[in-house]
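*Asks:* Once you've had a glance at the structure underneath, I'll fire off some questions.
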Amino acid sequence: MANRPGRVKALIARNVAEICQMELKNPHIGLVSVNEVKVSDDYSYCKVFVTFLGAKYPHQALEELKKTEGFVRSSLAKKMDLYKVPRIVFVYDESYDRAARIEEALALEAEELESLKKDNGED
């Protein structure tokens, strides 16, 4: 029992991702990526941070996914050997969106710097 919280988080993340990919039949959800899981100290509550790959409207997909929380929890209970399966709350993880915006801004800055160098005759 050296790192029980870490193992529980990893098991929940793996199993929730598998349930979302294999068992959910809602076409509005699409492809779900589980990025992180945070579990309370007493294992009664967990936040599952997700992103939706290729989704035009990720917040609508999140609302559809939230409707399946009970099904995901019951499927998780069948897959895991825990005395008490935590209540699951899905949260949209915006870190990838922020990273994409930062990369886009950096690319624009690099293009502007290159154009300034060319205008000044530098190579």
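*Asks:* Does residue 72 qualify as being at pLDDT 90 or above, under 10 Å from the mean Cα position of the chain (by Cα) and of a type in the set (Val, Ile, Thr)?
*Replies:* No.
*Asks:* May I pose another question? What are the pairs with Cβ atoms under 7 angstrom where one residue, in region 57-84, is free of Cβ contacts under 8 Å to residues at least 12 places away in the same chain and the other, located anywhere, is not hydroxyl-bearing (Ser, Thr, Tyr)? Sequence gap at least six, or different chains.
*Replies:* So the pair list comes out as 77/85.
*Asks:* Hey, can you tell me all the residues within region 56-74 that are more than 15 Å from residue 30 (Cβ to Cβ) and open to solvent by 80 Å² or more (accessible area, probe 1.4 Å)?
*Replies:* Answer for region 56-74, where residues must be more than 15 Å from residue 30 (Cβ to Cβ) and open to solvent by 80 Å² or more (accessible area, probe 1.4 Å): 71, 73.
*Asks:* Looking for whichever is more than 26 Å from residue 6 (Cβ to Cβ) and over 15 Å from the mean Cα position of the chain (by Cα) here; the options are 63, 103. Which one fits? Break it down stepwise before answering.
*Replies:* Values: 63 fails: over 15 Å from the mean Cα position of the chain (by Cα).
The match here is 103.
*Asks:* Here is a follow-up. So which of 31, 53 is in contact with a Ser or Thr (Cβ under 6 Å, 6 or more places away or on another chain), open to solvent by 80 Å² or more (accessible area, probe 1.4 Å) and free of Cβ contacts under 8 Å to residues at least 60 places away in the same chain?
*Replies:* Details: 31 fails: in contact with a Ser or Thr (Cβ under 6 Å, 6 or more places away or on another chain).
Criteria check complete, one pass: 53.
*Asks:* Here's something else I'd like to know. When you go through 117, 56, 84 one by one, which is the residue that is modelled with pLDDT under 90 and closer than 23 Å to residue 6 by Cβ?
*Replies:* Answer to the check: 84.
*Asks:* Answer yes or no: is there a residue in region 101-114 that is closer than 29 Å to residue 21 by Cα and not acidic (Asp, Glu).
*Replies:* yes
*Asks:* How many residues, within region 80-107, are assigned to a helix (DSSP H, G or I) and open to solvent by less than 90 Å² (accessible area, probe 1.4 Å)?
*Replies:* Keep residues of region 80-107 that are assigned to a helix (DSSP H, G or I), which gives 95-107.
Remaining after also requiring open to solvent by less than 90 Å² (accessible area, probe 1.4 Å): 95, 97, 99-100, 105, 107.
Count: 6.
*Asks:* Of the residues that make up region 28-40, is at least one at pLDDT 90 or above and among the basic types (Lys, Arg)?
*Replies:* Looking through region 28-40, at least one residue is at pLDDT 90 or above and among the basic types (Lys, Arg).
*Asks:* Next question, about the same structure. Inside region 108-123, can you point out the residues that are assigned to a helix (DSSP H, G or I) and either of a type outside the set (A, V, I, L, M, F, W, C) or open to solvent by 80 Å² or more (accessible area, probe 1.4 Å) (or both)?
*Replies:* The answer is 108, 109, 111, 112, 113, 114, 115, 116, 117, 118, 119.
*Asks:* For residue 18, indicate whether it is at pLDDT 90 or above, assigned to a helix (DSSP H, G or I) and open to solvent by 40 Å² or more (accessible area, probe 1.4 Å).
*Replies:* So residue 18 fits the description; yes.
*Asks:* Before we move on, is residue 77 open to solvent by 30 Å² or more (accessible area, probe 1.4 Å) and either modelled with pLDDT under 90 or not in a loop (DSSP other than H, G, I, E, B) (or both)?
*Replies:* Working: open to solvent by 30 Å² or more (accessible area, probe 1.4 Å): yes; either modelled with pLDDT under 90 or not in a loop (DSSP other than H, G, I, E, B) (or both): yes.
Criteria met by residue 77.
The values are calculated or read from the model by the stated rules, or taken from the named source; none is laboratory data. If you're wondering where the values come from, they're calculated on a predicted model, not measured in any experiment. As a convention, Cβ positions derive from the backbone with ideal geometry for all residues, glycine included, and neighbour counts pool all protein chains shown. SASA here: full protein model, heavy atoms, side chains in, ligands and nucleic acids out. Shrake-Rupley method; radii C 1.70, N 1.55, O 1.52, S 1.80 Å.
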